[in-house]
Amino acid sequence: TYVDGLKGFVCSGNAAGSPLGTFHAAMMIEAAPRPRSRSPKGPGADGEVKKAMPWENASGGKLPFDEVPDDIRAAVMDLAPAIRERLKRLYNEGTLRPVDLDFKSLMDLKGLAEPLQSKVMDHMFADRVFLSNARSKSGFLVAVCARARRGELDPRGFGAVDPWKQALAALAVPKMKTLSFEPEDEWLEENQDPIEVRVNMTKLMHFGVPMEEACVTLDPTENIAKLKERLKEQGVNVKATMYNVKHVHNANPEKTAIGFLRRDRTAAYYNMMNGERLELVPKIRGGRRFSKRGMAG
């Protein structure tokens, strides 16, 4: 006879009524496999023990966020409304206990831009299994904030710090050339003769200057203010304070142009030689050019 639910056969006839027949019948029956789970509730349908996570056991009554220390609660309430509500939800679900987060980790979260704060909260909700089992919840939050700053939470690298930005910016902005001059005393020992410079005045012709170019003889010990006086003697009727003198060509091919010259510096200070080319440039103040009336001397 086949026994339903058991794999085996029971002996029938005279042997079934005898003790030996009953023994043989019991030995022939193959019992069902014994469950190996030690859980009092037993295994689930798939043979695994189902253990509820903290957020699945949320019960009514007093909310866990109400038991958070005052300084931590103040730091949470200081966050953006959307971030604050999601963080409170982690407390009330049981994923975070009242003393799990410290003040420093919350300040790290607050220091991020709001889009990055949202990404941090998305990561904490997506990986809250790891968050609930983390030994230090504050360390978990600090590590996630650091990853958000590096752009590791977004596949597109949103919020990442470009490691090449400073290098590319340095290449885009040309470095200022440094000019080196010989000491004035040493220059005067070897160059004591007067020099002749050519001055381009094309940019001042709009203000009544009668010529395009002038040649001026200058002693090495005379300064740029003296040069302006010589130009006034030659017919430059523009106030000396209304234009600048710019060095545009160096007689020495190994040196570059100096640029604007200070009125109190001498020709020996700039190591000027015969054949130097200068240019008169009208001053511009406040983004507005001086009128012809204001430039006249």
Q. Filter segment 151-179 for residues that are modelled with pLDDT of 75 or more and buried (at least 16 other Cβ atoms within 10 Å of the Cβ); which is farthest from residue 119 (Cα to Cα)?
A. 151
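Per-residue answers, yes or no, for (1) over 20 Å from residue 141 (Cβ atoms); (2) touching a Phe, Trp or Tyr at 6+ places or on another chain (Cβ under 7 Å); (3) at pLDDT below 85:
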{"position": "40", "(1), (2), (3)": "yes, no, yes"}
{"position": "50", "(1), (2), (3)": "yes, no, yes"}
{"position": "68", "(1), (2), (3)": "no, yes, no"}
{"position": "79", "(1), (2), (3)": "no, no, no"}
{"position": "95", "(1), (2), (3)": "no, yes, no"}
{"position": "104", "(1), (2), (3)": "no, no, no"}
{"position": "121", "(1), (2), (3)": "no, no, no"}
Q.
Between 214, 225, which is touching a strand residue (DSSP E or B) at 6+ places or on another chain (Cβ under 9 Å), open to solvent by less than 60 Å² (accessible area, probe 1.4 Å) and without any contact (Cβ under 8 Å) to a residue 40 or more places away in the chain?
A. 214
Q. Of 148, 126, 113, 143, which residue is more than 17 Å from residue 72 (Cβ to Cβ) and modelled with pLDDT of 90 or more?
A. 143
Q: Among the numbered conditions (1) under 17 Å from the mean Cα position of the chain (by Cα); (2) surrounded by fewer than 19 Cβ atoms within 10 Å (Cβ to Cβ), tell me where residue 117 comes up short.
A: (2)
Q: Give segment 250-272 a look and list any residue that's open to solvent by 70 Å² or more (accessible area, probe 1.4 Å), at pLDDT 85 or above and of a type outside the set (Lys, Arg), or say none.
A: 260, 264, 269
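Rundown of residues vs (1) in a loop (DSSP other than H, G, I, E, B); (2) in contact with a helix residue (DSSP H, G or I) (Cβ under 9 Å, 6 or more places away or on another chain); (3) of a type in the set (S, T, N, Q), yes/no style:
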position	(1), (2), (3)
193	yes, no, no
198	no, no, no
203	no, no, no
206	no, yes, no
209	yes, yes, no
215	no, no, no
225	no, yes, no
246	no, no, no
254	yes, no, no
Q. Which residues, counting only those in segment 85-101, are surrounded by 14 or more Cβ atoms within 10 Å (Cβ to Cβ), within 28 Å of the chain's Cα centre (by Cα) and more than 22 Å from residue 135 (Cβ to Cβ)?
A. 86
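The values are calculated or read from the model by the stated rules, or taken from the named source; none is laboratory data. In this text the structure is predicted, and so the values were computed from the model without any measurement. So basically every Cβ, Gly included, is an ideal-geometry build from the backbone, and we count neighbours across all protein chains shown. The area values use the complete protein model at the heavy-atom level, side chains included, leaving out ligands, DNA and RNA. Shrake-Rupley method; radii C 1.70, N 1.55, O 1.52, S 1.80 Å.
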